């Protein structure tokens, strides 16, 4: 299974492509779509849409793992993040990708073992789990890879549970 992980943001949308085979995950590629704050919103969202489409065409994922939006005190930034998330989801939907949505806490729990992990712990564990020779940068790309690993783990766990139930 090839999974596209996305960490949405209007200024920076991180993406990571992970191939999952059994209990093994390997990073195929990762990066970040950057937009400038002085660009009109339609151009920024269009860039996110087009670059995510390019990633899909280049690496052929069949599934999407995307981070849900954390609504903290700053609703203005949450709206901008929601718009970027929407542009990315539309690009994935147009390509027929199955969508998995995860909270930041779920992603941290799946990758680090605790939902209270900090960015450094997530980046370190992504490097370790994907057997990279370096820590992935920028942080947005590392978070996208973490989302993809989370999705792979949860899909595998669900499949194991279904197999056990059918054998009982």
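The values are calculated or read from the model by the stated rules, or taken from the named source; none is laboratory data. In this text the structure is predicted, and so the values were computed from the model without any measurement. Note that each Cβ is placed from the backbone with ideal geometry, even for glycine, and that neighbours are counted across all protein chains shown.
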Filtered residues of region 96-110 (kept if without any contact (Cβ under 8 Å) to a residue 40 or more places away in the chain and in contact with a helix residue (DSSP H, G or I) (Cβ under 7 Å, 6 or more places away or on another chain)): 99, 108
Test of understanding: among 81, 123, which residue is without any contact (Cβ under 8 Å) to a residue 24 or more places away in the chain, buried (at least 20 other Cβ atoms within 10 Å of the Cβ) and either part of a helix (DSSP H, G or I) or under 12 Å from the mean Cα position of the chain (by Cα) (or both)? 123
Return only the number of the condition from (1) in contact with a helix residue (DSSP H, G or I) (Cβ under 9 Å, 6 or more places away or on another chain); (2) surrounded by fewer than 15 Cβ atoms within 10 Å (Cβ to Cβ); (3) under 23 Å from residue 156 (Cβ atoms) that residue 64 does not satisfy. (2)
Filter region 92-103 for residues that are more than 10 Å from residue 66 (Cα to Cα) and buried (at least 19 other Cβ atoms within 10 Å of the Cβ) and give the result. 92, 97
So is residue 13 modelled with pLDDT of 95 or more, crowded, with 16+ Cβ neighbours inside 10 Å and over 16 Å from the mean Cα position of the chain (by Cα) or not? no
Does region 111-120 hold any residues that are more than 25 Å from residue 55 (Cα to Cα) and either crowded, with 16+ Cβ neighbours inside 10 Å or touching a residue at least 24 places away in the same chain (Cβ under 8 Å) (or both), and which are they? 112, 117
Using beta carbons and a limit of 7 Å, which pairs, at least six apart or on different chains, have the first residue in region 1-13 and under 12 Å from residue 25 (Cα atoms) and the second one part of a strand (DSSP E or B) and modelled with pLDDT under 95? 1/20; 3/20
Mind checking whether some residue in region 37-53 is assigned to a strand (DSSP E or B) and more than 13 Å from residue 142 (Cα to Cα)? no
With surrounded by 20 or more Cβ atoms within 10 Å (Cβ to Cβ), part of a helix (DSSP H, G or I) and within 15 Å of the chain's Cα centre (by Cα) as the only criterion, which of 56, 89 stands out? 56
